[in-house]
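This report refers to the structure that appears directly beneath it.
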Amino acid sequence: MCGIVGILSNKNVASMIIEGLRRLEYRGYDSAGLATITDGKIVRRRAEGKIRNLEEKLFKDPLNGQSGIGHTRWATHGKPTEANAHPHGTDNLAVVHNGIIENYIELKVDLETKGHKFVTETDTEVVVHLIEENLKNDMEPKDATFAALDVLEGAFAIAVIFAKDENLMIGARQGTPLAVGYGEKEMFLASDSYALAPLTKRISFLEDGDRVVMTADAVDIYDLDGNKVEREIRVTAQSGATTGKGEYRHFMLKEIYEQPAVIGDTLNSYVHPSTGHVSIDPDILNALDKAP
Ligand code: GLU
């Protein structure tokens, strides 16, 4: 599983996106990239391999921009090369995508007959060209994106930014998780709340089929039928500190060494701190009773 981070802010977002991508490293990936909007233009940096390769590129060639999307890719369609690394895009938009577009071949053939040139081996690129085609037909970014989503089959999450509107990001969840983070004049999208832990604790988890239209000040969520819906904003308890790799070289090593502490913490949570009495939630006892 790979990861998505999207940020609309009033300050440069590249380093925040990199930090978010690092927090998604545990999901596994083979390449990474990000795109921001600078002076009305989409600018990308992408790299094969580890996030530090992407950081080296950013160090040599920094990216400004107060809105952007980032991605860690685990290739399903096409080799894990820089050319196939997300974000993919045109001069008008950039897209990051988790998951698989199952009907991408028929969509690609149709788009090619309309003159679209494909430059990657990914299934993702059809999303780019579908939205581009709709924009060309004078649709607004929201309608252009929603209409593109309507024809996609498969399990995926996406985030899209538009060169002409720096303060707009559109996301969708269809079978693959996506969370919205609420900040102060900043909004975030990410594959999970861990990625956003240092940025905000106020999170809405999108439901399957949800689409989200975000600015730095407002979030509108729509269900699959196009109805505006409310999704609960939860305050997560995660601290940024517990979610990183810490002093360990790999997440697996961290998990192995953390096992005694995690089991201890879990047992401790059933013991009253001053009386020492053990109390277990009746729902848990019921579930244990029913366990085979
Ligand atoms: N299917 C897309 C690709 O191969 C996205 C893979 C992913 O979820 O990272 O580029």
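Quick note: the coordinates plus some simple rules give every number you see, no bench work behind them. Note that this is a predicted model, so its numbers are computed, not measured. Cβ atoms come from the backbone with ideal geometry, glycine included; neighbour counts cover every protein chain shown.
General remarks:
- C-alpha long axis of helix 14-23 to longest principal axis of the chain, angle in °: 50
- Diffusion coefficient, µm² s⁻¹, Stokes-Einstein with Kirkwood Rh over alpha-carbon pairs of the chain at 25 °C and 0.890 mPa s: 122
- Pair ASN103, LEU224: separation of 7 Å Cα→Cβ label points (nm): 1.3
- Anchor LYS164: lysines whose Cα lies under 24 Å away (excluding residues fewer than 8 positions away in-chain): LYS11, LYS41, LYS114, LYS117, LYS136, LYS142, LYS185
- For a modelled paramagnetic label at ALA83, 7 Å from Cα along Cα-to-Cβ, the residues of the stretch 119-148 in reach, with backbone nitrogen under 12 Å, are 119-122.
- The stretch 130-176 - Rg and Dmax from Cα coordinates, angstrom: 10.7, 30
- Considering only LEU189, LEU111, LEU206, the mean-square fluctuation computed in a Gaussian network model of the chain, springs between alpha carbons under 10 angstrom, is largest for LEU111.
- Pairs of alpha carbons in the stretch 1-144 whose separation is greater than 18 Å (percent): 55
- Calculated on alpha-carbon atoms, Rg and Dmax of the stretch 1-62 in Å: 11.4, 34
- All Cα pairs of the stretch 87-194, percent lying beyond 20 Å: 38
- Label-point separation, ASN64 to PHE251 (7 Å along Cα→Cβ), nm: 3.4
- On Cα atoms only, tilt of 141-150 relative to the major axis of the chain in degrees: 70
- Calculated [222 nm] ellipticity per residue, helices only, for the chain: -8500 deg cm²/dmol; basis is -39500 (n - 2.57) per DSSP H run with n ≥ 4, divided by all residues, nearest 500.
- Cβ-to-Cβ counts within 10 Å put LYS108, LYS79 in ascending order as LYS79, LYS108, the fewest first.
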